[in-house]
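Shown next, in structure tokens, is the structure this report addresses.
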Amino acid sequence: MKKVILLLSVFQLVFFSLLAQNNIPPVDKSPMDMAYYPVNYPVLKIQEKITEPLAARVIYSRPQKAGRTIFGSLVKYGEVWRLGANEATEIEFFRNVRIGGKKITKGRYTLYAIVNENTWTIIVNKDTDTWGSFKYSSAKDVVRTEVTVEKTNMIIESLSMIFDKSISGYNLIIAWDNVQVALPITF
């Protein structure tokens, strides 16, 4: 028992020493999140309640509205946006899919958007592990597809993404502030 207490005390001393030296980064203002299709896939897997195989996962950072004007101001109309904060948003397909009528081979991709008031152009790009749009190259685009903006009845504080089942696959719903778009993904 004394060894456990001693080890815990040493760990605490090291931890608090690092904290005091400011070597532990603070919590990010735009925390990273993940969404799966099927929704809650990891939980369903643990509970042995899977009814369909894993099809997609999106990893993104969730910037906050924080009283700011988002679209047309923070996110400029007509410019490429990393579709989140920090690292560029990444989507992984675990099977071949179609977006905008084009076949996308299973694998990892980066998502970007060109936001306008009534439509967004969603871009699937094969360059991964990039920071924001600083290295964006349209030469690496796999597909671009236009989606319609829908106004919401509520303000969504944090950028949010979720998959929603459709007749022929699923939609990636992207929502922030008072707008949302749906990217159709089919099998």
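The values are calculated or read from the model by the stated rules, or taken from the named source; none is laboratory data. What you see is a predicted model, and the numbers here were worked out from it, not measured in a lab. Here the Cβ is made from the backbone with ideal geometry for all residues, glycine too, and neighbour counts use every protein chain on show.
Using beta carbons and a limit of 9 Å, which pairs, at least six apart or on different chains, have the first residue in segment 23-43 and over 16 Å from Tyr60 (Cβ atoms) and at pLDDT 90 or above and the second one among the polar types (S, T, N, Q) and surrounded by 12 or more Cβ atoms within 10 Å (Cβ to Cβ)?
From residues that are over 16 Å from Tyr60 (Cβ atoms) and at pLDDT 90 or above, there are no pairs.
If you go through segment 27-39 one residue at a time, do you hit one that is of a type in the set (A, V, I, L, M, F, W, C) and in a loop (DSSP other than H, G, I, E, B)?
So far as segment 27-39 goes, yes, one or more of its residues are of a type in the set (A, V, I, L, M, F, W, C) and in a loop (DSSP other than H, G, I, E, B).
Go through (1) under 23 Å from Tyr77 (Cβ atoms); (2) among the charged types (D, E, K, R); (3) under 16 Å from the mean Cα position of the chain (by Cα) and name the single condition Asp141 misses.
(3)
Name the residue, out of Thr128, Thr105, that is among the β-branched types (Val, Ile, Thr) and free of Cβ contacts under 8 Å to residues at least 24 places away in the same chain.
Thr105 is the lone residue from the list that is among the β-branched types (Val, Ile, Thr) and free of Cβ contacts under 8 Å to residues at least 24 places away in the same chain.
Could you identify the single residue in Thr105, Thr51 that is polar (S, T, N, Q) and modelled with pLDDT of 95 or more?
Just a single option satisfies the conditions, and that option is Thr105.
What single numbered condition from (1) surrounded by fewer than 21 Cβ atoms within 10 Å (Cβ to Cβ); (2) touching a residue at least 60 places away in the same chain (Cβ under 8 Å); (3) closer than 20 Å to Trp176 by Cβ fails to hold for Tyr77?
Evaluating Tyr77 over (1) surrounded by fewer than 21 Cβ atoms within 10 Å (Cβ to Cβ); (2) touching a residue at least 60 places away in the same chain (Cβ under 8 Å); (3) closer than 20 Å to Trp176 by Cβ leaves (2) as the failure.
Go through (1) surrounded by 15 or more Cβ atoms within 10 Å (Cβ to Cβ); (2) closer than 23 Å to Thr69 by Cα; (3) without any contact (Cβ under 8 Å) to a residue 40 or more places away in the chain; (4) hydrophobic (A, V, I, L, M, F, W, C) for Phe134 and report which single condition fails.
Exception for Phe134: condition (1).
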